[in-house]
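To start, the structure itself, in structure tokens.
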Amino acid sequence: MSENTIIRKEQNGSISFGDYKLQEKTKVSDYEVNGDLYKVKTFYEITKLEKNGLFVYESVQGTAVEGFMADACGVSFVVSGQENAQITLGLCEESEYELTVDEAVIGKMKTNISGKLSFSADLSEGKKVKVSAVKC
């Protein structure tokens, strides 16, 4: 399996990662994008992304993420999977974000002391859900 199947840089500068259809845990380390090093682990049970050794994204069940963009204002991406997933994002510590999932504004959520924000996504095979978390 090539690393392009579980992490790749898109033309717009975003990254896509994860493969929830894999039966065995697969990982790619030290994947460079614009000077940053990414590590991804993925299979049907979990998908996890780290950037420069720091937590960025985790889903339980595994997911596929497209167009993942992150900056000081928040993150945005499109996620797909076989079933509902609990997603955790690594954001700024003790900050408030407006969360939008599948075109619906979920509301304002505050990250904890470690900067993590968790939510559920209603996923099913063939369905893609757009997610954004914008810092308030």
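The values are calculated or read from the model by the stated rules, or taken from the named source; none is laboratory data. Keep in mind that this is a model prediction, so the values were computed, not measured. Glycine gets a Cβ as well: all are built from the backbone with ideal geometry, and neighbour counts include every protein chain shown. What goes into the accessible areas is simple: the full protein's heavy atoms, side chains included, and nothing from ligands, DNA or RNA. Shrake-Rupley method; radii C 1.70, N 1.55, O 1.52, S 1.80 Å.
Among the residues of the range 57-85 satisfying the criterion of being of a type outside the set (S, T, Y) and in contact with a Lys or Arg (Cβ under 6 Å, 6 or more places away or on another chain), which is farthest from E96 (Cα to Cα)?
Filtering the range 57-85 for residues of a type outside the set (S, T, Y) gives 58, 60-62, 64-75, 77-79, 81-85.
Narrowing further to those that are in contact with a Lys or Arg (Cβ under 6 Å, 6 or more places away or on another chain): 58, 73-74, 78.
On the way: E58: 19, C73: 11, G74: 10, V78: 21 Å.
Only one residue fits best here, namely V78.
Tell me whether the range 66-73 contains one or more residues that are part of a loop (DSSP other than H, G, I, E, B) and among the hydrophobic types (A, V, I, L, M, F, W, C).
To start, the set of residues in the range 66-73 that are part of a loop (DSSP other than H, G, I, E, B) comprises 72-73.
Imposing the further condition that a residue be among the hydrophobic types (A, V, I, L, M, F, W, C) reduces the set to 72-73.
Yes: the range 66-73 contains one or more residues that are part of a loop (DSSP other than H, G, I, E, B) and among the hydrophobic types (A, V, I, L, M, F, W, C).
Filter the range 63-74 down to residues that are without any contact (Cβ under 8 Å) to a residue 24 or more places away in the chain and open to solvent by less than 60 Å² (accessible area, probe 1.4 Å), then give me how many there are. Reasoning before the result, please.
Residues of the range 63-74 without any contact (Cβ under 8 Å) to a residue 24 or more places away in the chain: 70-71.
This time we only want the ones that are open to solvent by less than 60 Å² (accessible area, probe 1.4 Å), so: none.
Residues that pass the stated criteria total 0.
Residues of the range 70-84 being of a type outside the set (V, I, T) and touching an Asp or Glu at 6+ places or on another chain (Cβ under 9 Å), which ones? I'd like the intermediate steps shown before the answer.
Looking only at the range 70-84, we keep the residues that are of a type outside the set (V, I, T), and these are 70-74, 76-77, 80-84.
Those that are of a type outside the set (V, I, T) and touching an Asp or Glu at 6+ places or on another chain (Cβ under 9 Å): G74, F77, S80, G81, Q82, E83, N84.
Can you name the residue in the range 81-112 that is among the β-branched types (V, I, T) and within 15 Å of V56 (Cα to Cα) and, of all such residues, is modelled with the lowest pLDDT? First the steps, then the outcome.
Of the range 81-112, the ones among the β-branched types (V, I, T) are 87-88, 100-101, 105-106, 111.
Right, trim to within 15 Å of V56 (Cα to Cα) and you get 87-88, 111.
Numbers: I87: 98, T88: 98, T111: 95.
If we take residues in the range 81-112 being among the β-branched types (V, I, T) and within 15 Å of V56 (Cα to Cα), then T111 is modelled with the lowest pLDDT.
At least 1 residues that are open to solvent by less than 40 Å² (accessible area, probe 1.4 Å) and of a type in the set (G, A, S) in each: list the strands (runs of 3 or more DSSP E) lying fully within the range 1-62 that qualify.
Numbers: elements: 7-9, 15-17, 26-33, 36-43, 46-51, 54-60.
Output list reads 15-17, 54-60.
Checking F77 against (1) among the hydrophobic types (A, V, I, L, M, F, W, C); (2) surrounded by fewer than 17 Cβ atoms within 10 Å (Cβ to Cβ); (3) touching a residue at least 60 places away in the same chain (Cβ under 8 Å), only one condition comes out false. Which one?
(2)
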